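Novice: Handing you this structure, nothing more for now.
Taken together, the values in this text are just the output of simple stated rules run on the coordinates, not laboratory data. Since the model is a prediction, treat every value here as computed from it, not as a measurement. Here the Cβ positions follow ideal geometry from the backbone for every residue, glycine too, while neighbour counts run over all protein chains shown.
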Amino acid sequence: MFLQQLVNGVTLGSVYALIALGYTMVYGILELINFAHGEIFMMGSFFGLLFWWILEMTGLSKIIPIPLAIFLMFVFSMIATAFLGALLEFIAYRPLRSVTNRLIPLISALGASIFLQNFAMLTFGSTNRVYPAIFPDFGWNLFHARISLIQIFIFVTCILMMIGLTLLVNKTKLGRSMRAVSQDYVTASLMGIRVNRIITITFMIGSSLAAAAGVMYGMYYGVAKFDMGYLAGLKAFTAAVLGGIGNIPGAMLGGFCLGIIESFGAGYISSEYKDMFAFLMLLFILLLRPSGLLGQQVPDKV
Amino acid sequence: MMDIRFRRRIKTAARRWNNMDMRLKWGILLVIACVYPFLASSQYYVHIMNLAFIYIVLSLGLNIVCGLAGLLDLGFIAFYAVGAYTYAILSIKLGLSFWEILPIACVTTALFGLLVGSAAFRLRGDYFAIVTMGYGEIIRILANNLTFLTNGPIGIIGIPRPNAFGFKFEDPSQYYFLALAFVAVAIFLTYRFQASRIGRALEAIREDEIAAISMGVNLKNFKLISFIIGAMLGGSIGVFFASYATFVSPESFSFMESVMVLAMVVIGGMGTIEGPVIGALILVLLPEALRSVSDYRMLIFGALMVFMMIVMPKGFMGWIKPRRILRTAEEENPLVNRDF
């Protein structure tokens, strides 16, 4: 039971962590809570599904080997969602960048998320959409716990993506520009960094990570629905805050913590209250450590 | 972006309106509001207006917290839920009347606001917003799962309607004037509160927290008072809602509702009193007006929200009288919005 819950929790946690990275990156650069990020995750899931439908309609799904099909599904969904993220930034956030009132972009994000949710409902229908069971249903028994291939796949892919992102942010020129912009974008622009381009790229990376999470979520649970972005987005956001928002390792830690807590809460206490544990946890952590687990105490700006 | 002449005409009208005496202004609105149900062609239109009144009181309550004290509360609807459930449970289980429960609900929500507020005020900025979002969700999940008390997801049905002087409220047009009374009291209270010593202190805090502290303003207590007053307004209209709908279920108190009320405050113009009223009217009536395109209604609604924020980022009131609202960074520092 313990090990099983741990395995389930880690799987769920890695999905949350991937979504949380998008929140944290955008917050780190713009100090903006991108409330439409959950809907980006949902759209990513649907783009993956769309790609599979195309493969089935053209008959290619029988020709292409399964690992390649899965890989292409991820690539397609990530690219499409990256452009969607860039579009979202361009339409809903960029015109509002000079507004000092932080609520304004928040409401705009909200409008965008209502739009995307209804767009998905009108295009893909309001019922559960069945995700293709293309992933081979293997599993191993280990100390009374069952670990399936898809769980290992999700965990490994997430870890690889996180390592990739960390390297990108810490080692490349692009990552250095991103860090510079998040420090102070006026100065960064004076140093010759094209701030707008960096912000767009940040949105694209965050969105494509959310898309990967969306495809994994769809494969793991077998369904996609137009309103699944809301709760997943809220949880991932909680995860980002738990770790200290704006902090990339923090988002990963927060995601895993949240997934494990939720899984244990559902397994040992009650599954009805499982959503509540996430929020109770959030309250406790924030009251004990107001800037999150790995966040730094920000001094007052005078 | 919009027709210049149209905008100028609105601005002239707005200036005239702003220069009018406050009592005259609200008097005119009150007369229009009183005539409305007699002109409305069906009960349905009266019902929509009742809903709008509920949201007006909610957004006035949130405006005190958000617009006046500058606290971003994303779980405001929880107070509304507490008020509604208080009425539903007390009226069914104990048989208390509307007028007895109203003060009880106000006290309950005030205590609740005190509890949440005193814990959450240790946090600043965005973290405060996140914690309030968390308690909003917790209340909803509790309402969903404390089945012995709240009936769970099914909700409580058959909530008795109120009586007043032997007169029983039944259909929307009878409720209309009760709702209008709630709105009038809320507007009056907001005016008094904003003009009071506490209200002025809060505005000082919102403009510059550190300067206000150094002038001897007790930050925490004043913010807490505004939080509690906002909560009480939310709770009292929750009582009204439960009696009007005769049905409460956790579905009515989702995070989306909190956010909608916030959108009303922001779209109307934060920190003003007319703002939340206008915002609530726009956001309640707009989806109704879009009913002819029912499938695309929410799609258009979402797009319009983004569009409104881009065209008038300071809200409707900021758009027609920009001077009283805070200036944007662009006006203060023209460098900020340059395309780098």
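Novice: When only C-alpha pairs under 8 Å and at least 6 residues apart count, what is the relative contact order of the range B:25-173, in percent?
Specialist: Details: 106 pairs, mean separation 41.7, N = 149.
Reported as a whole number, the value is 28 percent.
Novice: How do A:Asp184, A:Asp137 rank when sorted from fewest to most other Cβ atoms within 10 Å of their own Cβ?
Specialist: On the way: A:Asp184 11, A:Asp137 8.
In increasing order of surrounding Cβ atoms, one gets A:Asp137, A:Asp184.
Novice: Quick one: if the Förster radius is 25 Å, what FRET efficiency do A:Thr100 and B:Ala14 give, using the C-beta to C-beta distance and rounding to 0.05? Please list the in-between numbers first.
Specialist: Working: r = 23 Å, r/R0 = 0.93.
Here the calculated transfer efficiency is 0.60.
Novice: Sticking with this structure for a sec: Per DSSP H run of at least 4 residues, take -39500 (n - 2.57); add these up for chain A, divide by its residues and hand me the 222 nm value, nearest 500 deg cm²/dmol.
Specialist: -24000 deg cm²/dmol
Novice: Any of B:Lys25/B:Lys314; A:Lys235/B:Lys220; B:Lys93/B:Lys220 with alpha carbons more than 27 Å apart? Name them for me. Don't skip to the answer; put the middle values down first.
Specialist: Numbers: B:Lys25/B:Lys314 23 Å; A:Lys235/B:Lys220 29 Å; B:Lys93/B:Lys220 38 Å.
Check vs 27 Å cut-off fails for A:Lys235/B:Lys220; B:Lys93/B:Lys220.
Novice: Something else: Based on the alpha-carbon gyration tensor of the range B:25-150 and its eigenvalue square roots a ≥ b ≥ c, which shape applies: rounded if a/c is under 1.5, prolate if not and a/b is larger than b/c, or oblate?
Specialist: Oblate, since a/c reaches 1.5 and b/c is not below a/b.
Novice: From the phi of every residue in the range A:8-17, what ³J(HN,Hα) in whole Hz does the Karplus formula 6.51 cos²θ - 1.76 cosθ + 1.60 yield, where θ is phi - 60° and glycine or proline is x?
Specialist: 4, x, 5, 4, 4, x, 5, 5, 4, 4
Novice: Sticking with this structure for a sec: Picking from A:Ser208, A:Gly22, B:Leu224, whose Cα lies most toward the positive end of the charge dipole for the protein assembly as shown (charges on Cβ: Lys, Arg +1; Asp, Glu -1)?
Specialist: Farthest towards the positive pole: B:Leu224.
Novice: Throw me the Rg/Rh for the range B:44-97, computed over C-alpha atoms with Kirkwood Rh, two decimals.
Specialist: Ratio of gyration radius to Kirkwood radius for the range B:44-97: 1.10.
Novice: Ok, one more. Quick one: A:Arg97, A:Arg146, fewest Cβ neighbours within 10 Å first, how do they rank?
Specialist: With the sparsest Cβ surroundings first, the list reads A:Arg146, A:Arg97.
Novice: For chain A, set up a Gaussian network in which alpha carbons nearer than 10 Å are linked by springs, and say which option among A:Leu60, A:Leu18, A:Leu72 fluctuates the most.
Specialist: It is A:Leu60.
Novice: Moving on to the next point. What residue among A:Leu190, A:Leu149, A:Leu160 shows peak mean-square fluctuation when chain A is described by a Gaussian network model with Cα springs under 10 Å?
Specialist: Residue with maximal mean-square fluctuation among A:Leu190, A:Leu149, A:Leu160: A:Leu190.
Novice: I would also like to ask the following. Pick from A:Gly218, A:Gly255, A:Gly111 the residue whose mean-square fluctuation is largest in a GNM of chain A, springs joining Cα atoms under 10 Å.
Specialist: A:Gly111
Novice: Another one. Where nothing but the Cβ of Lys and Arg (+1) and of Asp and Glu (-1) is charged, how large is the charge dipole of the range B:117-221 around its Cα centre, in debye to the nearest 20?
Specialist: Taking the Cα centre of the range B:117-221 as origin, the dipole is about 280 debye.
Novice: Turning to a different aspect of this structure: With a Förster radius of 51 Å, plug the Cβ-Cβ distance of B:Lys220 and A:Leu149 into 1/(1 + (r/R0)^6) and report the FRET value to the nearest 0.05. Working shown, then result.
Specialist: Details: r = 54 Å, r/R0 = 1.06.
For B:Lys220 and A:Leu149, the calculated efficiency is 0.40.
Novice: For a distance above 37 Å, tell me the whole-number percent of Cα pairs in the protein assembly as shown that qualify.
Specialist: Values: 77881 of 205761 pairs.
It works out to 38 percent of all Cα pairs.
Novice: Is the shape of chain A rounded, prolate or oblate, going by the alpha carbon gyration tensor and its root eigenvalues a ≥ b ≥ c, with a/c under 1.5 for rounded and a/b larger than b/c for prolate?
Specialist: Here chain A falls in the oblate category.
Novice: Based on the alpha-carbon gyration tensor of the range B:88-246 and its eigenvalue square roots a ≥ b ≥ c, which shape applies: rounded if a/c is under 1.5, prolate if not and a/b is larger than b/c, or oblate? Don't skip to the end; give the middle numbers.
Specialist: Values: a/c = 2.93, a/b = 1.55, b/c = 1.89.
Cα axes put the range B:88-246 in the oblate bin.
Novice: Residues with amide H under 5 Å of A:Arg97's amide H, sequence separation 5 or more or different chain, H placed in the peptide plane at 1.01 Å from N; which?
Specialist: HN-HN under 5 Å from A:Arg97: empty list.
Novice: How many nm is it between the label spots at B:Tyr36 and B:Thr147, if each spot is 7 Å from the Cα in line with the beta carbon?
Specialist: Result: 4.1 nm between the two label points.
Novice: Once R0 is set to 35 Å, what does the formula 1/(1 + (r/R0)^6) return for the Cβ-Cβ distance between B:Tyr45 and A:Glu31, expressed as a FRET efficiency to the nearest 0.05?
Specialist: 0.20
Novice: Please report the Cα spread of chain B along all three principal axes, rounded to whole Å, starting with the longest.
Specialist: 62, 50, 41
Novice: Oh, and also: Taking amide H positions as placed 1.01 Å from N in the peptide plane, with prolines and chain starts having none, which residues 5 or more places from A:Gly139, or on another chain, fall under 5 Å of its amide H?
Specialist: A:Leu149
Novice: Ok, one more. Quick one: which residues, 5 or more positions from A:Val223 or on another chain, have an amide H under 5 Å from its amide H? H modelled 1.01 Å from N in the peptide plane, none for Pro or chain starts.
Specialist: For A:Val223, the qualifying residues are A:Tyr131.
Novice: For the range A:73-169, how big is the tail of P(r) above 20 Å, as a whole percent of Cα pairs?
Specialist: 63 percent
Novice: Okay, next question. Taking θ as phi - 60°, what are the ³J(HN,Hα) couplings along the range B:19-36 by the Karplus curve (6.51, -1.76, 1.60), each to the nearest whole Hz, with x for Gly and Pro?
Specialist: Ordered by residue, 3J(HN,Hα) equals 7, 5, 5, 4, 5, 4, 4, 5, x, 4, 4, 4, 4, 4, 5, 6, 7, 3 Hz.
Novice: What is the P(r) of the range A:162-302, as percent of Cα-Cα pairs per 5 Å bin from 0?
Specialist: Computed distribution, short to long bins: 2, 9, 14, 18, 18, 16, 11, 7, 4, 1, 0, 0.
Novice: Using Cβ contacts closer than 10 Å as the measure, can you line up A:Lys62, B:Lys25 from fewest to most?
Specialist: Details: A:Lys62 8, B:Lys25 14.
By the 10 Å Cβ count, ascending, the order reads A:Lys62, B:Lys25.
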